[in-house]
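Reading through the structure tokens given below for one structure.
The values are calculated or read from the model by the stated rules, or taken from the named source; none is laboratory data. Just so you know, these numbers come straight off a predicted model, no measurement behind them. Because the Cβ atoms are built from the backbone with ideal geometry, glycine has one as well, and the counts that use them run over all protein chains shown. When the accessible area is computed, the model is the full protein with side chains, heavy atoms only, and any ligands, DNA or RNA have been set aside. Shrake-Rupley method; radii C 1.70, N 1.55, O 1.52, S 1.80 Å.
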Amino acid sequence: MDANRKPAAAAGVEALGERQQAMLRLLQQERDGLTVEDLVTRLAITRTAVRQHLAALERDGYVRQQGLRVTGGRPGLVYALTPAGNELFPKLYSWFSALVLERLRARLGPEGLAAFMRELSAEVAAGLAPRLQGLGPRERVEEVARIMNGLGYDARVLAEGPVPSIVASNCVYHHLAQEFREVCEFDLGLLEILTGQRADHTECMVRGGKVCRFPIRPLEGEK
């Protein structure tokens, strides 16, 4: 991986109209927020147009009202960017994560990186364990699928033969897994700890599968 090559940014703020983009960029620069009058002056458009754009952006959750500010002797509502609005601007999470994983693999080797991902899954599982207390084996599998849905995996449980499988339609780190297969160990570790059973990875989207499929089998010696 070329650390000096800037990755392509995902679509976000560019999907909006020109005026709304300009408005959001101004609000990104002015973290304390801007009033309608401020936006009228800076965008050189009418108050009606500013209010219409703000109403649409507020409806979509990209801006919010943030108190009052005296302007020209009259208090005016201040509008500021929301966290959702901030997320519209390009972020380099995947690129940065790849840099970190590259350095870890160089230091630890492939097996060491896989072990690190297992350790990471154990830490995450510890925080999720209370949701599984008192559940039977099948109930645990169903709840784990719900947990995975909360993380973006688009998971469901299928009864396939003698054991259930958790099937995920979305790989939440697909681009990373293409370069670092070791990250799949995070999924396996998380599933095994949370279900208390053995998880296999029999189909993988990174390896050409249509889904990621994880049959959940009892541990040896258990029925």
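The angle separating the long axis of helix 137-150 from the principal Cα axis of greatest extent in the chain is about 30 degrees. Between LEU219 and VAL163, the distance separating the two model label sites (each 7 Å from Cα on the Cα→Cβ line) works out to 1.4 nm.
Put one equal scatterer on each alpha carbon of segment 158-223, apply the Debye formula with no solvent term, and list log10 I(q)/I(0) at q = 0.25 1/Å to two decimals. Scattering profile of segment 158-223, log10 relative to I(0): -1.12. Its convex hull of Cα atoms gives segment 92-223 a direction-averaged projected area, equal to a quarter of the hull surface, of 8.4 nm². Once you mark the GluC sites (Glu not before Pro) that are in a DSSP loop and have at most 16 other Cβ atoms within 10 Å, what is the longest gap between them in the chain? After excluding every exposed loop site, the longest remaining stretch is 31-219. Go ahead and run the numbers for FRET between ARG69 and GLN28, Cβ-Cβ distance against an R0 of 25 Å, rounding to 0.05. E(calc), rounded to 0.05, equals 0.85.
Rounded to the nearest 20 debye, the dipole size of the chain about its Cα centre is 660 debye, using +1 on the Cβ of Lys and Arg and -1 on the Cβ of Asp and Glu. Taking every protein chain into account, the accessible area of the chain amounts to 58 square angstrom per residue (probe 1.4 Å). On full extension, the segment bounded by ALA106 and THR202 gains 31.8 nm, given 0.36 nm per residue less the C-alpha separation. For segment 60-185, a crude dipole built from +1 on the beta carbon of Lys and Arg and -1 on the beta carbon of Asp and Glu, taken about the Cα centre, is about 560 debye to the nearest 20. Under 37 °C and 0.692 mPa s, how fast does segment 47-116 diffuse according to Stokes-Einstein, given a Kirkwood radius computed over C-alpha pairs? Answer in µm²/s, whole number. Once the numbers are plugged in, D ends up at 207 µm²/s. Note on LEU92 and ASN149: the extension gain reaches 18.2 nm, defined as 0.36 nm multiplied by sequence separation minus the Cα-Cα distance. Taken along its three principal axes, the alpha carbon spread of segment 16-155 comes to 64, 42, 26 Å, from the longest extent down to the shortest. When the chain is described by a simple charge dipole with +1 on each Lys and Arg Cβ and -1 on each Asp and Glu Cβ, the residue from ALA22, THR46, SER121 located farthest towards its positive end is THR46.
Rg/Rh for segment 102-145 stands at 1.21; both radii use Cα atoms, and Rh follows the Kirkwood definition. In segment 25-151, the portion of solvent-accessible area held by carbon and sulfur atoms comes to 54 percent [1.4 Å probe, whole percent, DNA, RNA and ligands not counted]. Computed on the chain, with alpha-carbon pairs under 8 angstrom and 6+ residues apart, the relative contact order is 15 percent. A Gaussian network model of the chain, with springs between Cα atoms under 10 Å, assigns the largest mean-square fluctuation among VAL211, VAL13, VAL40 to VAL40. Estimated purely from DSSP H runs of n ≥ 4, each contributing -39500 (n - 2.57), the mean residue ellipticity at 222 nm for the chain is -15000 deg cm²/dmol once divided by its residues. Using a probe radius of 1.4 angstrom, the carbon and sulfur fraction of the accessible surface of segment 171-223 is 49%.
Highest GNM mean-square fluctuation among ARG146, ARG74, ARG213, for the chain modelled with Cα contacts below 10 Å: ARG74.
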